[in-house]
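Scroll down for the structure; my scribbles are underneath it.
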Amino acid sequence: MEIHGNTALITGSAVRIGKAISLALAEKGCNLILHYHTSIKEVEELKIQIEQMGVTVNVISADLSKPIETQDLIPRCLAFTNKIDILINNAGIYLGGNGMNTSLDNWERQFELNLHAPFILIQSFAKQIPKNECGAIVNITDAKVFRERPDHFAYRLTKSALIDMTKMFALELAPNITINSLALGIMMPLAGFEHIDVQSLAEKRIPLKKLGSPEIAAQNVIHIIEQDFMTGAVIRVDGGESLL
């Protein structure tokens with residue numbers, strides 16, 4: 001798909017990987033709708049930065065853990081533009097807990113935001129694409145799901161299911177809408193875990209012995225969107241960690 005001149009909605013756009021994706025799309029001449037929940041200061045600063053690139057930027061808030069707000073998000077976005085061409089499902093939550101100590105609240109919070117919200121947004125996005133026009137969806141998931149472990153039990157299930165959902169929607173939404181997943185490895189210290197020495201962790205766990213970066217994630221999002229002969233794919237960008 002041609003990115004220049006189209007409009008993209010990025011969930012969780014204001015910080016970290018979402019911010020890098022937003023900047024990369026803007027550099028390609030894409031108009032943006034920046035979704036955020038609590039990062040109002042960050043999203044306003046990002047809006048100012050992106051507007052200097054000469055593209056149209058709008059900002060919208062929603063709590064994607066609440067289905068009613070998720071259902072309203074794309075209809076609200078259509079007040080800014082007549083069509084959204086690109087959807088990036090980036091927003092997510094990462095909570096710990098193995099199978100035996102994962103609480104129902106832990107489970108529900110992660111399933112609502114990591115899986116139910118993308119499902120609702122994909123449906124809503126597809127319905128607003130005219131039958132003879134194209135769209136592109138990228139779901140941000142996690143390469144750790146290719147190695148079965150009991151840690152982060154609910155999180156792993158949500159991201160694994162998101163990959164499966166990508167494949168099923170690829171068949172249903174073809175030929176006009178492509179949908180692919182980007183399975184990321186360690187791109188940067190997780191929010192709240194900055195005290196961990198991620199470089200030492202990388203040297204132990206990653207064959208390439210280095211971290212990725214938000215910019216690497218964003219480059220791969222651009223690559224996926226621009227490919228017109230790819231749908232239902234899962235691109236692993238993890239330095240080879242999932243091979244071990």
Cα radius of gyration and Dmax for segment 7-243 (Å): 17.1, 51
Starting from the Cα-Cα distance between Gln52 and Glu108, subtract it from 0.36 nm times their residue separation and give me the gain in nm to one decimal. 16.2 nm
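Report the relative contact order of the chain, percent, no decimals, based on alpha-carbon pairs under 8 angstrom and at least 6 residues apart.
20 percent
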The value for segment 1-119 (convex hull of the alpha-carbon atoms, volume per residue, Å³) is 107 Å³
Please state the Cα pair-distance histogram of segment 128-191 with 10 angstrom bins from zero: what percent is in each bin? 20, 42, 25, 12, 1
Can you tell me which of Gly12, Gly99, Gly212 moves the most in a GNM of the chain? Springs connect C-alpha atoms under 10 Å apart. Gly99
Beyond 17 Å, what share of the Cα-Cα pairs of segment 52-121 is found? Please give it as a whole percent. 52 percent
Non-local Lys pairs in the chain, i.e. 8 or more apart or on different chains, that have alpha carbons under 17 Å apart: 11
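Each reported figure results from applying straightforward, stated rules to the coordinates on display, with no laboratory input. Since this is a predicted model, take the numbers as computed values, not measurements.
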